[in-house]
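Visitor: To start, I am sharing the structure in question, which I have written as structure tokens.
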Amino acid sequence: EEIYVKMLLMFGKCKLPDEATLLFEMMVVEDKIIPSLEAFTALLSAYMNSKRTRTAFELFAHMKELPVYQPDVYVYSLMIKGCCEGGLFDQASRLLVEMQDSGVEPNTVTYNTLIDAFGKVGMLSQMEELFTHILKTGTCKPDIWTWNIIIKHYGNRGNIEKMEEWFEMLQAAGIEPDQVTFNTLVNAYGRNGLFAKMKSVVVYMRKYLYNVDEVTFNSMIEAYGRGGMVEEMSRTFSAMKRGGVKFTAFTLCCLISTYSKHRMWDMVEKVRRQWQNSDLAPDVALYNSLIHAYRRAENFEAMEAAFVEMENKGLLPDEITYTILIEAYKSQQLEDKADQFLREMKALQAHRR
RNA sequence: UCCAGGAUUUCAUGGU
């Protein structure tokens with residue numbers, strides 16, 4: 001069963017909810033395994049990752065009717081996350097009450113989920129209040145994730161002073177920052193154009209033997225790209241490869257977007273060749289950036305070819321893909337084709353409910 | 001009894 005659970009999680013990561021459902025049924029029917037609560041949690045999480053919130057909640061309701069599958073703190077934390085992501089804060093707080101009523105105590109993960117949810121919608125004072133509340137009441141012990149979440153949200157909102165303040169408080173509390181903490185700082189400084197500080201964090205990381213990984217490099221590459229520092233971006237990409245850090249779809253997506261924004265078509269092709277020579281799994285966002293690059297270049301044959309290639313690789317276009325194509329065809333007065341893709345997009349959206 | 005397996009954080013693409 002552990003293998004099934006691992007595979008369910010894989011499907012969730014790859015956003016393949018239907019495959020997850022099939023696998024789960026296979027496990028029950030063919031291998032006659034009585035699924036554990038963990039298996040159900042894995043299935044729920046696959047649905048959540050694939051934004052099949054409704055399916056997840058149906059399963060959740062079903063589980064509650066079965067005495068052996070009474071949700072535990074894992075399941076409740078996951079469902080609370082689902083509510084928050086759908087903007088259903090009332091329902092989230094109802095679940096929080098419900099879990100306590102049924103004797104399941106929320107833990108650090110549950111509160112981290114809520115703290116992150118406040119941050120995501122910009123309710124930073126509520127975010128802080130919740131943090132001090134759990135600290136004061138001793139409801140649960142904040143962990144490094146809690147701090148990382150708060151640091152991230154101040155960084156994302158451009159409040160660098162607050163971010164640094166929280167980073168210092170973290171250290172003052174005697175907690176060791178981790179890889180994620182530093183990557184969060186690199187990302188925050190980068191997105192706010194503070195390139196010197198960004199670089200100094202990386203220097204610090206190297207000095208104290210934290211892993212400078214693909215997330216670190218991706219943040220820098222993205223930051224330079226956004227800031228129009230194309231040369232610096234290219235150099236960082238080279239440094240990444242020289243350092244033996246494997247680039248990801250994310251890396252190439254940043255590069256292609258920036259090069260195409262600066263109409264550097266030869267560089268787009270260069271990235272594309274490195275992509276072809278790599279063993280990266282097919283990726284929708286990466287194809288989207290390429291399709292958009294060809295649309296910018298008004299190279300519509302290449303755009304269509306990239307779209308066909310994407311479908312041949314078994315990838316389903318998403319709303320972004322369709323939007324790019326529809327805009328492209330509209331700009332060429334090809335209303336029929338634009339309409340056709342509009343219908344396909346609507347069909348996709350309908351299928352997902 | 002111990003161990004393992006499920007939940008939360010850092011990163012991209014269109015409309016902008």
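Derivation of every value follows stated rules applied to the coordinates shown; laboratory data play no part. Just so we're clear, the structure is a prediction, and the values are computed from it rather than from any experiment. In this analysis, Cβ positions are derived from the backbone assuming ideal geometry, glycine residues included, and neighbour counts consider all displayed protein chains.
Visitor: Sort A:Ile221, A:Ile326, A:Ile175 so that the residue with the fewest other Cβ atoms within 10 Å of its own Cβ comes first and the one with the most comes last.
Guide: With the fewest neighbours first, A:Ile221, A:Ile326, A:Ile175 line up as A:Ile175, A:Ile326, A:Ile221.
Visitor: Taking the convex hull of the Cα atoms, report for region A:62-138 its projected area averaged over all directions, in nm².
Guide: Numbers: hull surface 20.7 nm².
That works out to 5.2 nm², a quarter of the Cα hull's surface.
Visitor: For a quick size check, give me the Cα extents of region A:38-79 along its three principal axes, largest first, whole Å.
Guide: So the extents along the principal axes, rounded to whole Å, are 27, 17, 15.
Visitor: Can I ask one more? Mind computing the radius of gyration and Dmax over the alpha-carbon atoms of region A:1-99? Å is fine for both.
Guide: That works out to 13.1, 40 Å for Rg and Dmax.
Visitor: Checking the a/c ratio against 1.5 first, then a/b against b/c, what shape does the Cα gyration tensor give for chain A?
Guide: Taking the square roots of the gyration eigenvalues as a ≥ b ≥ c, chain A is oblate.
Visitor: In whole angstrom, note down how far apart the Cα centers of region A:298-353 and region A:235-285 are.
Guide: 23 Å
Visitor: Within 10 Å of each residue's Cβ, count the other Cβ atoms and sort A:Leu252, A:Leu185 from fewest upward.
Guide: A:Leu252, A:Leu185
Visitor: Sort region A:106-154 into rounded, prolate or oblate with this rule: let a ≥ b ≥ c be the square roots of the eigenvalues of the Cα gyration tensor; rounded if a/c is under 1.5, and if a/c is not under 1.5, prolate when a/b is larger than b/c, oblate otherwise.
Guide: prolate
Visitor: Please compute the Kirkwood hydrodynamic radius over region A:206-335, one decimal place, Å, based on all pairs of different Cα atoms.
Guide: Values: mean 1/r = 0.0648 Å⁻¹.
15.4 Å is the Kirkwood radius here.
Visitor: Here's another thing I want to ask about it. Please compute the length gained on full extension between A:Asp336 and A:Glu165, using 0.36 nm multiplied by the number of residues separating them and subtracting their Cα-Cα distance.
Guide: Going from the current span to full extension adds 56.0 nm.
Visitor: Next up: Relative to the Cα centre, what is the charge dipole magnitude of region A:6-79, using +1 at the beta carbon of each Lys and Arg, -1 at the beta carbon of each Asp and Glu, and rounding to the nearest 20 debye?
Guide: My answer is approximately 320 debye.
Visitor: While we're on this one: Taking 0.36 nm per residue of sequence separation and subtracting the Cα-Cα distance, how much length would be gained by fully extending the chain between A:Arg273 and A:Glu65, in nm to one decimal?
Guide: My answer for the length gained is 69.5 nm.
Visitor: Loop only per DSSP, at most 12 neighbouring Cβ atoms within 10 Å: give me the chymotrypsin sites (Phe, Trp or Tyr not before Pro) in region A:191-223, ordered by residue number.
Guide: Values: sites: A:Phe195, A:Tyr204, A:Tyr208, A:Tyr210, A:Phe217; in loops: A:Tyr208, A:Tyr210.
Taking region A:191-223 and a limit of 12 other Cβ atoms within 10 Å, the loop chymotrypsin sites (Phe, Trp or Tyr not before Pro) found are A:Tyr208.
Visitor: Between A:Met26 and A:Asp143, what is the FRET efficiency for a Förster distance of 35 Å, r being their Cβ-Cβ separation, to the nearest 0.05?
Guide: That gives a FRET efficiency of 0.45.
Visitor: Just want the ordering: A:Val203, A:Val28, A:Val104, from fewest to most Cβ atoms lying within 10 Å of their own Cβ.
Guide: In order of increasing Cβ crowding within 10 Å: A:Val203, A:Val28, A:Val104.
Visitor: Name the shape class, rounded, prolate or oblate, that the alpha-carbon gyration tensor gives for region A:79-178, where a ≥ b ≥ c are the square roots of its eigenvalues, rounded holds for a/c under 1.5, and otherwise prolate holds if a/b is larger than b/c and oblate otherwise.
Guide: Details: a/c = 2.46, a/b = 1.45, b/c = 1.70.
Oblate, because a/c is 1.5 or more while a/b does not exceed b/c.
Visitor: For region A:109-186 and region A:23-40, write down the distance between their C-alpha centroids in whole Å.
Guide: Cα centroid to Cα centroid, the span is 38 Å.
Visitor: Can you tell me what the convex hull of the Cα atoms of region A:149-201 projects to on average, as an area in nm²?
Guide: Orientation-averaged projected area of the Cα hull: 3.2 nm².
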